[in-house]
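To start, the structure itself, in structure tokens.
The values are calculated or read from the model by the stated rules, or taken from the named source; none is laboratory data. Just so it is clear, the structure is predicted and the values come from calculations on it, not from any experiment. All Cβ positions, even for glycine, are placed from backbone atoms using ideal geometry, and neighbour counts span all protein chains on display.
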Amino acid sequence: MKYALIGCGRISPNHIEAARNNNLDIVGICDILPEMMDQKAREYGLIDIKKYTNYNQMLIDQKPDLVAIATESGKHADIALNCIAAGCNVIIEKPIALSIKDAKAIIKAGHDSGTVVSINHQNRFNKSVQYINKAIKSGRFGKLLHGTAHIRWNREKKYYEQAAWRGTWAQDGGCLMNQCIHNIDLLRWMMSDDIDEVFAYTDNMIHPYIEAEDLGIALVKFKNGSYGIIEGTTNIYPKNLEETLFIFGEKGTVKAGGKSVNIIEEWCFADELDDPKYVKSTYNENPPNVYGYGHTPLYADVIKAINTGNQPFVTGEDGLRALELVLAIYKSSYEGKPVKLPLADCSTIDFEGWFNR
């Protein structure tokens with residue numbers, strides 16, 4: 001299967017490795033900065049790979065079957081729509097887009113053309129996350145009561161200086177959209193995809209050189225009667241502290257932690273169907289960074305979906321739901337009141353100038 005990568009920045013090594021681990025034929029890479037492509041080509045031995053600064057030309061020349069889009073978030077929608085129009089299946093780095101309208105357009109284009117659209121919420125493939133979700137589906141928690149997602153990370157000025165689009169409303173959003181959306185996705189997926197309303201506060205506390213937030217705190221009311229709490233920040237001193245997910249039910253308590261919710265730290269159920277010590281030791285991964293090990297199985301799942309004609313495990317609709325929750329948090333904080341879901345439309349650019357008011 002012919003594969004191409006658009007965007008050779010911070011996350012691109014995970015995509016290159018996932019493509020290689022799944023024996024994809026890497027036919028081209030693309031970035032508007034040639035030095036970024038040259039660096040990745042050297043590091044990963046892609047010496048004979050065709051390099052492009054224009055992705056449309058790459059699509060014409062190479063006709064890839066699968067394209068991964070790992071550019072700045074604000075360009076995801078246009079690139080994805082052009083790739084789909086060219087007949088390519090796509091893996092889109094999170095978030096799917098920065099507006100409800102664009103996300104829905106991507107989903108519709110994929111359905112209309114019969115191409116596979118998958119969003120790179122790779123933490124869904126963590127062994128810990130998979131085992132927790134299995135317990136939810138089998139009813140082991142009983143009635144779900146509430147869940148919490150904590151993302152306590154650090155991003156200093158030099159991180160934002162590496163790329164001018166970071167922290168902007170037009171191309172990125174703040175910590176919730178960029179760093180925290182993985183765990184926000186997991187919380188919504190685990191507790192119930194259907195949300196009644198959201199109430200939130202966000203702020204820019206110590207990053208005056210970016211446009212968007214560095215702290216977000218939200219309450220989520222799910223339609224199944226459960227609740228969610230989200231705490232996301234890039235203000236933790238002096239480095240990343242933790243990313244944790246708690247699920248509380250009438251008959252079960254679970255905590256997943258580690259660098260990217262890849263370790264089960266608490267496992268207690270009334271049914272006592274499994275040994276907590278065994279679960280904690282078995283569903284325990286120690287990745288080298290916060291990106292985890294999920295890219296390779298996500299790629300494998302997408303390849304399977306392409307070959308079988310089935311939907312991938314993480315669909316465009318899943319990406320839309322994660323995006324919608326972050327936008328609802330923004331909207332609630334901006335308006336100072338609870339926000340009902342679903343959102344008819346909303347975009348990060350609706351909040352330009354917010355923290356300068």
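Annotations for the structure displayed:
- Among the residues making up segment 6-42, those that are within 23 Å of TYR293 (Cβ to Cβ) and either part of a loop (DSSP other than H, G, I, E, B) or outside the structural domain of ASP301 (by TED's automatic domain parsing) (or both) are GLY7, CYS8, GLY9, ARG10, ILE11, ASN22, ASN23, LEU24.
- Conditions (1) within 22 Å of VAL117 (Cβ to Cβ); (2) loosely packed, with under 14 Cβ neighbours inside 10 Å; (3) not hydroxyl-bearing (Ser, Thr, Tyr): number failed by CYS30: (2)
- Look at segment 310-329: where a residue is assigned to a loop (DSSP other than H, G, I, E, B) and a partner is among the polar types (S, T, N, Q), sitting 6+ places away or on another chain with Cβ atoms under 6 Å, you get PRO312/SER118; VAL314/SER118.
- Within segment 122-148, tally of residues that are touching a His at 6+ places or on another chain (Cβ under 9 Å) and either in a strand (DSSP E or B) or farther than 17 Å from ASP193 by Cα (or both): 2
- Which listed residue is at pLDDT 95 or above, out of contact with any Pro (no Cβ under 9 Å at 6 or more places or on another chain) and assigned by TED's automatic domain parsing to the domain that holds ALA18, from GLY45, GLY87: GLY87
- Pick from segment 130-163, criterion within 19 Å of the chain's Cα centre (by Cα) and among the charged types (D, E, K, R), ranking: surrounded by the fewest Cβ atoms within 10 Å (Cβ to Cβ): ARG152
- Filter result for ILE119 (assigned by TED's automatic domain parsing to the domain that holds TRP267 and either among the β-branched types (Val, Ile, Thr) or at pLDDT 95 or above (or both)): no
- Scanning segment 158-206 for residues that are within 21 Å of GLY316 (Cα to Cα), part of a loop (DSSP other than H, G, I, E, B) and touching a strand residue (DSSP E or B) at 6+ places or on another chain (Cβ under 9 Å) yields a total of 5.
- Subset tally (residues that are among the charged types (D, E, K, R) and within 27 Å of the chain's Cα centre (by Cα)) for segment 35-54: 5
- Candidate set: segment 43-59, residues that are outside any loop (DSSP other than H, G, I, E, B) and in contact (Cβ under 8 Å) with a residue 24 or more places away in the chain; chosen: the one surrounded by the fewest Cβ atoms within 10 Å (Cβ to Cβ): GLU43
- Scan of segment 72-93 for residues that are surrounded by 24 or more Cβ atoms within 10 Å (Cβ to Cβ), in a helix (DSSP H, G or I) and not aliphatic (A, V, I, L, M), ordered by number: SER73, HIS76, CYS83
- Criterion applied to ILE107, ILE69, ILE100 was being closer than 21 Å to GLY319 by Cβ and either aromatic (Phe, Trp, Tyr) or buried (at least 22 other Cβ atoms within 10 Å of the Cβ) (or both), and the one residue passing it is ILE69.
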